[in-house]
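Structure record follows, encoded as structure tokens.
The values are calculated or read from the model by the stated rules, or taken from the named source; none is laboratory data. None of these values were measured; they are calculated from a predicted model. Using ideal geometry, Cβ is built from the backbone for each residue, glycine included, and neighbour counts are taken over all protein chains shown. Heads up: the accessible areas ignore ligands, DNA and RNA and are worked out on the full protein's heavy atoms, side chains in. Shrake-Rupley method; radii C 1.70, N 1.55, O 1.52, S 1.80 Å.
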Amino acid sequence: MPLSPLTSSVQVLGAPGERHEEILTPEALEFIGRLDTAFADRRREVLKERHRRSGHLAGGTPLGFPLATRALREDPHWRVAPPAPGLTDRRVEITGPPERRMAVNALNSGAKVWMADFEDATAPTWTNVIGGQLTLLDAIERRIDFTTPEGKEYRLGAQLATIMVRPRGWHLLEEHLEIDGRPLSASLVDFGLYFFHCAQRQIDAGHGPYFYLPKLENRYEARLWNDVFLLAQELLGIPRGTVRATVLIETITAAFEMEEILHELREHSAGLNAGRWDYLFSLIKTFGHRTDFQLPDRAAVTMTAPFMRAYTELLVRTCHRRGAQAIGGMAAHVPSRDAEANAAALAKVRLDKEREAEDGFDGSWVAHPGLVPVCREVFDGVLGERPNQLDRTREDVEITAADLLSVRRIAAPPTREGIRSNVAVALRYFDAWLRGSGAVALYGLMEDAATAEIARVQIWQWLRHDRTDRATVLDLLDAECAALEEEDPSARVAEAREVFVNTALTPRLPAFFTPEAYTRHLVSRTENRS
Ligand SMILES: CC(=O)SCCNC(=O)CCNC(=O)[C@H](O)C(C)(C)COP(=O)(O)OP(=O)(O)OC[C@H]1O[C@@H](n2cnc3c(N)ncnc32)[C@H](O)[C@@H]1OP(=O)(O)O
Ligand SMILES: O=CC(=O)O
Ligand SMILES: [Mg+2]
């Protein structure tokens, strides 16, 4: 369907780059301009509501399952749409940034799904944002094959993973694109550019435009996404219900609205995912000021903690009751070149996937191609020839609000090593992010924006409750800065330190480290406006 012109047009303020014109076509810009114009006010409302609610929760308002939607939760009849083509069997999903080598590796990895990630695993530089879109387009067009100058070949095989794209969350802006003098929503840019260029191509290839939706806090945010899907489909003449989206349940408030989120998105739903790292981050952030919600060292909080189990059990039960797939989360251990460390990492990932498969998840995430076989073996063992285990309705599970919030039972104080490790991880992650890498392996673990946020907010929380003091943290920070500087002279140590100080050591806790760090350090516009 041809689009009628907008009254004002999207301005591109990012530097021109190789082949950017293939993504930033006038029609694509008009499409994202339309989406942003339609939804900018509602996005702002979403953010205001987040702020208002976090104030209430900080002030002691209890968190519970919403009363207003009780009838919907108790209605046994409604279901989400059946799995879409390419999404029936999701036993192994690999995640990673939409970078060319990794895209080829992920698509060939043997995983059923590749989640191309613009959120936790991508530092949103302009080059990464538009480069990511080019990677996706080239992968779908099967013209991504290349050979490196060293002679290593990257070629797509015959059996490829289904692509799902995770756009950035509602809290982020794309400051290299403006309309009416304001930056566009990063969510709508990532979603819209992919949808514009690839939705029809994916349908023609027998799949569809599929998404993962990050960091939602309540049902209204799901409704907003659903309305975005409706408008996008209508504008491009794509049948309603073609889009599918898996929502990450990765905030504590969303855990209380899983049914409602599925219901809002029911004609576009592809289930829920247990995004454990942001979930922990959200828990600490939401209740960080309260003495009864303190967590011990980051390494000591595992998926077997009662409040984490309550969350994953409830997720499986909720999904399967509604015919929706439940996808497990990310074990942070990544393969190592050291044989012993590698065996230990694989064993830990295996245990994690075994628990998920036995609990009823239909599949799970891995962070690295070397982990695909472990995850597949475990889910093969439970699923056999079945594509999923939607039939396991888990009626035995009964989870209360108190179960989801039972954090105090593991309130051991932080150790000095726990504090040091959080300082080191946050600093090194910020440095990598500032240099354009949104996911890195540090000390044998995958670190991305979600895991780094946990490190940051734990420091803030321990300071707030006098479990450590500012002088100790600054000493550790200086030592880590010196070590990083020595290890890697090209590290952006001063800027990474600044991000740490501005987001972990301030009296008020910033909701995310990314918005301010992005504006200060990653935005580079070709036009300097007064
Ligand atoms: C909390 C959450 O949101 S989890 C989801 C978001 N996070 C992620 O997606 C993280 C994904 N994982 C990664 O980015 C990477 O695995 C890292 C950064 C942790 C480690 O990467 P590396 O240090 O390159 O690992 P390593 O050296 O072992 O890689 C070996 C090969 O596997 C490839 N590889 C590693 N991880 C991936 C991946 N996730 N997808 C595709 N290929 C991968 C590498 O590119 C490399 O291949 P190459 O030589 O052809 O380039
Ligand atoms: O996005 C996933 C998470 O664990 O966070
Ligand atoms: Mg996340």
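Summary table
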| quantity | calculated |
| --- | --- |
| Listed residues HIS171, HIS176 arranged by accessible area, highest first, probe 1.4 Å | HIS171, HIS176 |
| Computed over the chain: relative contact order in percent, which uses C-alpha pairs under 8 Å that are six or more apart | 18 percent |
| Accessible area of VAL473 in the full protein assembly, 1.4 Å probe (Å², nearest 10) | 0 Å² |
| Label-to-label distance, nm, for residues given as THR7 and GLU153 (7 Å Cα→Cβ offset) | 5.7 nm |
| Nonlocal amide H pairs with LEU177, under 5 Å, H built at 1.01 Å | LEU13, LEU184 |
| Relative packing of 441-448, 218-225, 14-21, which averages over residues the other C-beta atoms within 10 Å, highest first | 218-225, 441-448, 14-21 |
| Fraction of beta bridges assigned by DSSP in segment 93-185 that are antiparallel (%, nearest 5) | 40 percent |
| Global form of the chain, assessed from the alpha-carbon gyration tensor, a/c cut-off 1.5 | rounded |
| Hz values of 3J(HN,Hα) by residue in segment 30-39 - Karplus curve (6.51, -1.76, 1.60), Gly and Pro given as x | 5, 4, 6, x, 5, 4, 5, 4, 6, 10 |
| Subset of LYS152/LYS353; LYS285/LYS353; LYS215/LYS353; LYS112/LYS353; LYS152/LYS348 violating a 25 Å alpha-carbon distance limit | LYS152/LYS353; LYS285/LYS353; LYS152/LYS348 |
| Sequence-distant residues sharing a close amide H with TYR212 (under 5 Å, placed H) | VAL165, ARG166, THR246 |
| Portion, in percent, of the accessible area of segment 100-214 that falls on carbon or sulfur, probe 1.4 Å | 47 percent |
| FRET efficiency estimate (nearest 0.05) - Cβ-Cβ, GLU417 to ALA341, R0 25 angstrom | 0.85 |
| Share, in percent, of DSSP beta bridges within the chain that are antiparallel, nearest 5 | 35 percent |
| Estimated inter-spin distance, GLU495 and ARG142, nm [label 7 Å along Cα→Cβ] | 4.0 nm |
| Amide hydrogen neighbours beyond the local backbone of VAL366, cut-off 5 Å, H modeled | GLU93, ILE94, THR95 |
| Rounded to the nearest 20 debye, dipole of segment 1-158 from Cβ charges on Lys, Arg, Asp, Glu | 660 debye |
| Antiparallel bridge percentage (DSSP; both residues within segment 111-263; nearest 5) | 40 percent |
| Additional length obtainable on full extension of the chain from LEU236 to LEU505, 0.36 nm per residue less Cα span | 92.2 nm |
| Cα shape, segment 297-440, gyration tensor, a/c 1.5 rule | oblate |
| Under Karplus coefficients 6.51, -1.76 and 1.60, residue-wise ³J(HN,Hα) of segment 198-213 in Hz, glycine/proline x | 10, 4, 5, 4, 5, 5, 4, 7, x, 10, x, x, 10, 9, 10, 10 |
| Separation between Cα centres of segment 294-339 and segment 399-477, rounded to whole Å | 18 Å |
| Solvent-accessible surface (1.4 angstrom probe) belonging to SER282, in square angstrom, nearest 10 | 10 Å² |
| DSSP-loop chymotrypsin sites (Phe, Trp or Tyr not before Pro) across segment 1-108, with at most 14 other Cβ within 10 angstrom | TRP78 |
| Low-density loop positions, GluC sites (Glu not before Pro), segment 471-528 - DSSP coil, at most 14 other Cβ in 10 Å | GLU527 |
| For segment 71-84, Karplus couplings with θ = phi - 60° (6.51, -1.76, 1.60), whole Hz, Gly/Pro x | 4, 5, 5, 8, 6, x, 8, 6, 9, 7, 4, x, x, 7 |
| Shape of segment 170-250, Cα gyration tensor, a/c cut at 1.5 | oblate |
| Accessible surface of CYS481 - all protein chains present, 1.4 Å probe, nearest 10 Å² | 10 Å² |
